[in-house]
């Protein structure tokens, strides 16, 4: 598969993260499409968020042409890390546990929550319907809303922790204040929340992969035998789950087993981008992998427990994975597929690519 690059922004270096107060309005920036962009959602309007509270909106449904995105005013001036759209609503999260909401599909926004004293970012947001949603982030930060994102209640989830950590917490549970303090301290970063029809997934720090069948009220860890961080779990068209993370690691998550998929890349993989019949995985250094879903269950010639990843020249890539040739060098942090195009948010701004069979 070939992908033609039609980037609209000059390549920039990774910009420093904003530290301004969320209560300050974001400003209209002339070079916003070239700035650090971190999250994108597909909905009635495609919405993109990034540093300094920047929000970009495309008012044409299904349009992935970057030149048609325009910046809208944001009620926050901190880095926004993720956005989720559903019908006429959209929610975005970011630094200082900031949460903002739109009731017109991203055209206007209201600040719902900001806690600069907490000094922890939210990294992911997901809504099950127009009323109930969750937001997750650093050090196990986890919130739930049952009124459409108008207010949020913080939760703790020891089910995401390792057995050793839970044993320790059990030993101090009689001291509730100390228990909650330690739970917050030892909880891993929650990098991404995603869902299939019946299962909620979280991908996180130190090998954390966990599932929930009750909308995140309780969690069960997946013991995958890998201690590196995961950054996304993608739900593929055939309901296969694909986890990606540090140093090119990729796993197919099945009910009874987890199959390692050799990618032959050593850069971090940040995002699984899916549509009805196409799957891409995007990562640092401009890496984009095309995934053949039909071949995912084939045995890999090189398992992670035998392959020397330091000797990448001798690597044999899994038959389901092919490297897409691009001239990108920035970290790709997310994307959506619209018609025959990839719309990508990167450390160097907004980019689009034509997918050619």
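Readers should treat all values here as calculations from the given coordinates under stated rules, not as data from a laboratory. Because the structure is predicted, anything quoted here is derived from the model rather than measured. So basically every Cβ, Gly included, is an ideal-geometry build from the backbone, and we count neighbours across all protein chains shown.
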(Q) Taking just the alpha carbons, could you work out the radius of gyration and Dmax for the stretch 196-325, both in angstroms? (A) 14.0, 45
**Q.** residue 155-residue 223 pseudo-label distance in nm [points 7 Å out on the Cα-to-Cβ vector]
**A.** 2.5 nm
Q.
Which of rounded, prolate or oblate describes the stretch 44-169 when judged by the alpha-carbon gyration tensor and an a/c cut-off of 1.5?
A. prolate
Q) Any idea how far apart residue 177 and residue 236 come out in nm if each label point goes 7 Å out from Cα toward Cβ? A) 5.1 nm
Q. Which value in nm describes the separation of the simple spin-label points at residue 87 and residue 197, placed 7 Å from the Cα toward the beta carbon?
A. 2.1 nm
Q) Comparing 78, 93, 57, which has the greatest mean-square fluctuation in the GNM of the chain with Cα pairs linked when under 10 Å apart? A) 57
**Q.** Listed values [x] 20.5, 67; [y] 19.7, 61; [z] 20.9, 64, entry calculated as Rg and Dmax of the Cα atoms in Å
**A.** [y]
Q: Would you mind calculating the gained length between residue 292 and residue 165 on full extension (0.36 nm times residue separation, minus the Cα-Cα distance), in nm to one decimal?
A: 41.9 nm
Q) Between residue 119 and residue 206, 0.36 nm times their residue separation minus their Cα-Cα distance comes to what? A) 29.2 nm
**Q.** Calculated FRET efficiency for the pair residue 267/residue 314, C-beta based, R₀ 22 Å, to 0.05
**A.** 0.80
Q: Taking the Cβ of each residue in 118, 37, 31 as the centre, tally the other Cβ atoms inside 10 Å and list the residues starting with the fewest.
A: 31, 118, 37
Q. Of 89, 280, 178, which is the most mobile in a GNM of the chain whose springs link Cα atoms less than 10 angstrom apart?
A. 178
